[in-house]
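A.B. asks: Encoded as structure tokens, here's the structure I'll be asking about.
All of the numbers you see were taken from the coordinates with simple rules; none came from a lab. This is a predicted model, so every value here is computed, not measured. Cβ: placed from backbone, ideal geometry, glycine included. Neighbour counts: every protein chain shown.
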Ligand SMILES: Cc1ncc(C[n+]2csc(CCOP(=O)(O)OP(=O)(O)O)c2C)c(N)n1
Ligand SMILES: Cc1ncc(C[n+]2csc(CCOP(=O)(O)OP(=O)(O)O)c2C)c(N)n1
Ligand SMILES: [Mg+2]
Ligand SMILES: [Mg+2]
């Protein structure tokens, strides 16, 4: 045995901190168009190179290049852009509303909009999503009412979840959007169960599971991968690597030693690492994964490389732990700007149309906010009656809750 | 979207069942000597090929070949053989003792003896092992008293753990053997914590963690790999893939789609897949991993390919779910026979010496059993007094347990 | 109608439900080809195929997690945890998800899952094969917790649980799988044959949730208990000759409070018996409920006879187990209080 | 001696222990560079370095699992779970490992770990940032559960917990981190400054475990409570004018039964107040203990004032929270019972 010096605990540190610029070379990017597109029935382990590279379609000039070009219908891309703009506009206004104390809490998805919106456009409407709190884009892309969303945020008496949840914890079965949990990671393995159920019933629907880089450390992430691999569940396992949990960077979640996509390969699951700020790459890889799942070839894990443009939540101040201008310096840019550039470059949209679209979505959001606020809010006391608090604990209200409701009302 | 047929749930099935021979080609073996030996400081991801192959040293004639030949001192190998023989003899007698209702339960390690014994010979005496219930070989190799072990099995009043645990759940801090838990997987992450502590204190000791193929599905396995990877903990993460959990084969634990060693690579941990029935391969790879850890290069995960030669426990009847002669047909043979062949082939031992060694260990075990049984057993009622039941719940007995002890004694 | 063991009755319930409802699926460790370490699912995979009855990885959290997802799809999953002692890794999915999803989504999503787990000691299983964690479940709003004491109830309650739209934890006292156990571990093992509650109809029937059974009517005092302890209590009553009313709660929570209150109001005395550790055990809640609802009828303090506040030891099992002597002594003490 | 908030007092306890004992290490989500989402570890990484104070992956089970392993090595780990609502993934390591390892190894290995978790509601945190899971801990033999109600106790109890050789769960009622809260959410927020219990020595001192405090002496009835509810109870006592004795349990389990029994024996009446859901809450155990030990002194049924048996709702938070009106009404009812 060789003589060794004393051991030392290695604690990962981000390359940037307040006052010190981030060195983003750790991201290990591939050039647009450079990564191969495996056959849809490729064996999981044969994706090991793709899990270590970065699938990108849009080059710096906004042109689609390489084997992953989805050759998408321009109208679909325009719809995607609109959903992204709407989501961003929605988020921006809700952050302000929180600051104005109209709503109690908020979480925006700034910078990550392409990922869930691109994926949803690659899914069938009745495929089921198991989102985190940062996939509001799914609801917006699937046409859930902005007013309903805002009533949830305001916790008023039109809140579809009756004031039970903090803001942003939406639920809409009709829009294939599973109830968001406050507990990280739990939905990931549920998505696999839902997908297994679809397979058990000989259905053709698939599930889409969502998790953040930080939450991949949770137990349910491992269960999800194990069950998905063992039963070849028809599920897309999305990891949104936006570089940060709350104040801890992705290295604390294991991102220093391997890509997050590598977890998939290690579990015998086909895995891709994809530029999450490249709408076309999102669309193309999501389609690939959806087709793979639907055709019985099993799950795909996708690591989306992106950046959390805003604070973790309205309770957070990121300038305490990362450089203030980090997002501006993030090498993969802004997904909205990049898709816009592509649509302008290909002539699918004009500058004017872009401006108009922005106006339209802003107006829509403003109008929705006006309407939603007219129904009152938690702050104004217009909430679901306290007596409703005892409903939905069980299907029927059991005797002890009938008694407690009576006491509460007394 | 292409049209697909209805989905179907894939449920892995072993290739063999009672009445149908196992096709062991799924094991994907490498020839002896064929797999390269990476440098001790190799980056984790560069071990991906080794994690997918099978490190073997002993060829069919018992010769040590290839880069992993540990060039071990023959006396060390003889000591290893003795520990294996003793473990096997011990196990065989305890299985009988259970059948005779002298002990309430037993779990043997038949067929897997090389793994933990080989590893222990590669460790320093004060390195800490976090074993499962199938690493009794560690205690035997480290010289824990057979009588003490048997008193634990008999649950008599010399049981070092005072009758608190079922048989086989040993504990001996002095022998670097952490208390065996009945709950699968929990020890794996604890080992990582212990190793982190050694690094925090600037110590040079390392930890050795143990888990079965089946239990890798547990949450703590994932936590262990995450923490080991993030903090580069000085730990050897052993997975004993003996092909079976209880009645479910390794495919139900995820072994169909990838090797168990692949989990390590997916987490950025150097990983090896090793013939666990090849004592020299065990010794060589354990030394590699121990040196790597001790020199600050971080954890190594090792999948040991072996076969559970006996029943899961004395409560189990494997003929219900696998071919009765499966072990005889297992392509990696019997670790004891293979090491013996090597020692005979190299002239380190003669046939006579082998026979004598076998006699000696048998006599030692018989003598120990005689002594241990003379101290009584659970069956004979010679157990630790009921009043001791209230000790060790806390460091001091709190008031409520003083009351309860008084009631119990009343 | 045949005499069944509790194992057979449970298997029969699963068989009936697999047959009646395509959405019922069964999974857990070793439940498939092998039929479960306690044989409760023996033959079911063969009969219904691998997509209805199958083995799972050893990941209790994963088992309950996929069950919740399947339920969201529309299935009625019945998951087995091999021993209740191993349900802790699934606790988060039970508490934060199965129990909460209806509430937090205001009924948009529900989790009609059934989680079966063998519980209790008396089989020399030591601290990790003997636990009775019911109090950790009764504290969780949104969950239902059920524990049968005999084959007839086991089948009827299990069918009711699977048909229930709420998540149900179905605890199976493993010591009485094969026969009623009165706590006299040194006496010969008694089989279910001949015990009236082992007469079990072949087909579909239910025993309603939230309904307790008066296992033995009586006037002198009330014993509140469930599972194995029903039989231990009966032995204690027999041996002391005290005319106690034994109430078998069957559904622990939500529970049938009326039956309890009526009985204690009548008898004025109450003993609570469970195998789980004492402090913050379910007996604490029963004590609180009885004293809240029957305070002015109580003639003596309510006594709890329970497992001690220690892990379940292997070698001292019978000193730990609250057997008929300890129960009998409590009955006498409560009767002797003026 | 300075006036400290509870956050400052906790930070001071950690600082003192990091300084005194090289074996103390602190870790958890966001506790390192950032100093914790509630700032309890602010500045400690800078002062003691990254191997003494560091961030962890988001894996509560892993956090407690490595803590148990570190303790086996000889360290005294202090782990933070960001919210008590998120401790369920760590439940197995707490119950099956930390609480059991001393027992199952007959003292060969021990787990002197401290697990800190903010608990309780009143901050509009909804169902996943408001829970009070103490009853899930008090049922687990081998664990100690502690909950302070003020800065002085917080520091002294936390130091005692870290020095204790048993695993301790240290619950921090987050609503009183920055000031005592009497439950009147519509009144201005009160800071700790000026409250006597916010006078906290800079250095080392302990408040012994298993010792309750008589927060307010009285003769008319006994209120048993802990954490935030101590202040709510005090408000109710003030507002009703009932001369109640308020006992702040501080150590929930093992606990100081003598102080409780002495008080109820004297007053003959008892109200128990906690924020956690009612059924199988710790109030049930307290009720059982009081009626077991003081039955013949009780002049009225023991009342429990608790959170309802529902998840903690976001919008109806103040209808859920057991505020001074509900506590006051219970005090009156208990006093009015003949
Ligand atoms: C089980 C659990 N532990 C901790 C938290 C507190 N928490 C909320 S969000 C968060 C960070 C999550 O980071 P990531 O998974 O990367 O998602 P992101 O916010 O970046 O989208 C933490 C620690 C929680 N909600 N649930
Ligand atoms: C948490 C937990 N779940 C289930 C069990 C029951 N159980 C005991 S051993 C075993 C099989 C373990 O298989 P494996 O990990 O491959 O180890 P092996 O027995 O083959 O050495 C199971 C399911 C347990 N002890 N703990
Ligand atoms: Mg993130
Ligand atoms: Mg195995």
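A.B. asks: So if R0 is 45 Å, what FRET efficiency would residue C:165 and residue D:186 give, r being the distance between their Cβ atoms, rounded to the nearest 0.05?
C.D. replies: That gives a FRET efficiency of 0.70.
A.B. asks: Can I ask one more? Rounded to the nearest angstrom and ordered from largest down, what semi-axes does the equivalent ellipsoid of chain C get from its C-alpha gyration tensor (root of 5λ)?
C.D. replies: 33, 22, 18
A.B. asks: Something else: What angle do you read, to the nearest 10 degrees and between 0 and 90, between the alpha-carbon axis of helix C:257-267 and the longest principal axis of chain C?
C.D. replies: 10 degrees
A.B. asks: Now for a different question. Multiplying the sequence separation of residue A:124 and residue A:63 by 0.36 nm and subtracting their Cα-Cα distance, what value in nm do you get?
C.D. replies: Computed gain between residue A:124 and residue A:63 is 19.3 nm.
A.B. asks: In addition: Please work out the FRET efficiency for the pair residue C:336 and residue C:258, using the Cβ-Cβ distance as r and a Förster radius of 30 Å; give the result to the nearest 0.05.
C.D. replies: Efficiency for this residue pair is about 0.55.
A.B. asks: Follow-up question, since we're still on this one. What number does segment D:184-333 give for Rg over Rh if you use C-alpha atoms and the Kirkwood radius?
C.D. replies: That ratio equals 0.97.
A.B. asks: Restricting things to Cα coordinates, could you compute the convex hull volume per residue of segment A:1-129 in Å³?
C.D. replies: About 281 Å³ per residue, rounded to a whole number.
A.B. asks: With the Cα gyration tensor of segment B:356-410 in hand, give its eigenvalues times 5 under a square root as the equivalent ellipsoid semi-axes, listed largest first in whole angstrom.
C.D. replies: For segment B:356-410, the semi-axes come out at 39, 14, 5 Å.
A.B. asks: Above 41 Å lies some portion of the pair distances; for chain A, what is it as a whole percent of all C-alpha pairs?
C.D. replies: 15 percent
A.B. asks: Please give, to one decimal in nm, the separation of the simple spin-label points placed at residue B:354 and residue A:406, each 7 Å out from Cα toward the Cβ.
C.D. replies: 8.3 nm
A.B. asks: Could you pull the copy-to-copy label distances for residue C:123, with points set 7 Å along Cα to Cβ, in nm to one decimal and sorted shortest first?
C.D. replies: Inter-copy label distances (nm, one decimal, shortest first): 4.5.
A.B. asks: Write down the Å³ per residue value for the convex hull defined by the alpha carbon atoms of segment C:1-158.
C.D. replies: 116 Å³
A.B. asks: Ok, one more. Measuring label to label, 7 Å along Cα→Cβ, what does residue B:173 give against each other copy in nm, shortest first?
C.D. replies: The answer, with the shortest distance listed first, is 5.5 nm.
A.B. asks: Sticking with this one: Taking every eigenvalue of the Cα gyration tensor of the protein assembly as shown, multiplying by 5 and rooting it, what semi-axes result, largest first, whole Å?
C.D. replies: They are 45, 44, 31 Å, listed from largest to smallest.
A.B. asks: Sort all Cα-Cα distances of segment C:8-85 into consecutive 10 angstrom bins from zero, then give the percent of pairs in each bin up to the one containing the longest distance.
C.D. replies: 21, 57, 22, 0
A.B. asks: For segment A:265-410, what's the radius of gyration and Dmax over Cα atoms, in angstrom?
C.D. replies: Cα-based Rg and Dmax for segment A:265-410 come out at 23.9, 67 Å.
A.B. asks: Now for a different question. Can you tell me the mean projection area, over all orientations, of the convex hull of segment A:296-365's alpha carbons? Units nm², please.
C.D. replies: In nm², the orientation-averaged hull projection of segment A:296-365 is 8.8.
A.B. asks: Over the Cα atoms of segment D:170-245, how large are the radius of gyration and the largest Cα-Cα distance (Dmax), in Å?
C.D. replies: 13.7, 39
A.B. asks: Let me ask something additional. Could you tell me, in Å, what Rg and Dmax come out for the Cα atoms of segment D:270-338?
C.D. replies: 13.1, 43
A.B. asks: Which whole-number percent gives the relative contact order of segment A:131-177, counting Cα pairs below 8 Å spaced six or more residues apart?
C.D. replies: Worked out over segment A:131-177, it gives 34 percent.
A.B. asks: Sketch the reach of a paramagnetic label on residue A:366 as a point 7 Å from Cα along Cα-to-Cβ, and name the residues of segment A:81-109 whose backbone nitrogen lies under 16 Å away.
C.D. replies: A:86, A:89-94, A:96-97, by backbone N distance to the label point.
A.B. asks: On C-alpha positions alone, give me the angle between the axis of helix D:151-163 and the longest principal axis of chain D, in degrees, nearest 10.
C.D. replies: For helix D:151-163, the angle is close to 50 degrees.
A.B. asks: Something else: Please give the calculated 222 nm ellipticity per residue for the protein assembly as shown, where each DSSP H segment of at least 4 residues contributes -39500 (n - 2.57) and the sum is spread over every residue; nearest 500 deg cm²/dmol?
C.D. replies: Helix contribution divided over all residues of the protein assembly as shown: -10500 deg cm²/dmol.
A.B. asks: Continuing with the same structure: In nm, to one decimal, how far is the modelled label at residue D:214 from the one at residue B:39, with both set 7 Å along Cα→Cβ?
C.D. replies: Result: 7.4 nm between the two label points.
A.B. asks: Continuing with this model, one more query. At 7 angstrom along the Cα-to-beta-carbon line, where would the label on residue C:214 sit relative to the other copies? Give the distances in nm, shortest first.
C.D. replies: Result, one decimal in nm: 4.7.
A.B. asks: Contact order normalised by length for segment D:149-294, with contacts defined as Cα pairs under 8 Å and 6 or more residues apart; what percent is it?
C.D. replies: 24 percent
A.B. asks: May I pose another question? For segment B:163-235, take N as its residue count and report Rg(C-alpha) divided by 2.2 N^0.38 Å.
C.D. replies: Relative to the rule-of-thumb radius for its length, segment B:163-235 sits at 1.15.
A.B. asks: Further question on the same structure: Within segment D:72-86, whose backbone N sits under 19 Å from a point 7 Å along Cα→Cβ of residue A:8?
C.D. replies: What the label zone holds, given the 19 Å backbone N cut-off, is no residue at all.
A.B. asks: Roughly what % antiparallel, to the nearest 5, for the DSSP beta bridges in chain A?
C.D. replies: Expressed as a percentage, antiparallel bridges in chain A total about 15.
A.B. asks: With both partners inside chain C, how many of the DSSP beta bridges are antiparallel, as a percent to the nearest 5?
C.D. replies: 20 percent
A.B. asks: Let me ask another. If I take the Cα coordinates of segment D:47-91 and project them onto the principal axes, what are the three extents in Å, biggest first?
C.D. replies: The Cα atoms of segment D:47-91 stretch 29, 24, 14 Å along the principal axes, largest first.
A.B. asks: Another one. How big is the shadow of the Cα convex hull of segment B:174-315, averaged over all directions, in nm²?
C.D. replies: Average projection, Cα convex hull of segment B:174-315: 8.6 nm².
A.B. asks: Here is a follow-up. Which distance in nm do the two modelled labels at residue D:238 and residue C:266 give, with both placed 7 Å along the Cα-to-Cβ direction?
C.D. replies: Result: 5.0 nm between the two label points.
A.B. asks: Among C:278, D:216, A:395, C:116, what is the fewest-to-most ranking by other Cβ atoms within 10 Å?
C.D. replies: Going from least to most buried by this count: A:395, D:216, C:278, C:116.
A.B. asks: Would you mind checking the tilt of helix A:335-345 against the longest principal axis of the Cα atoms of chain A, expressed as 0 to 90 degrees and rounded to 10?
C.D. replies: The angle comes out at about 70 degrees.
A.B. asks: Cα extents of segment C:123-202 along the three principal axes, largest first, in whole Å?
C.D. replies: 41, 36, 14
A.B. asks: In chain A, what residue has the beta-carbon at the shortest distance from the axis of the rotation relating A to B, and what is that distance in angstrom, rounded to the whole number?
C.D. replies: Per the A/B rotation axis, the closest residue of A reads A:266, 1.
A.B. asks: Can you tell me what share of the DSSP beta bridges in the protein assembly as shown is antiparallel? A percent to the nearest 5 is fine.
C.D. replies: Of all bridge pairs located within the protein assembly as shown, approximately 15 percent are antiparallel.
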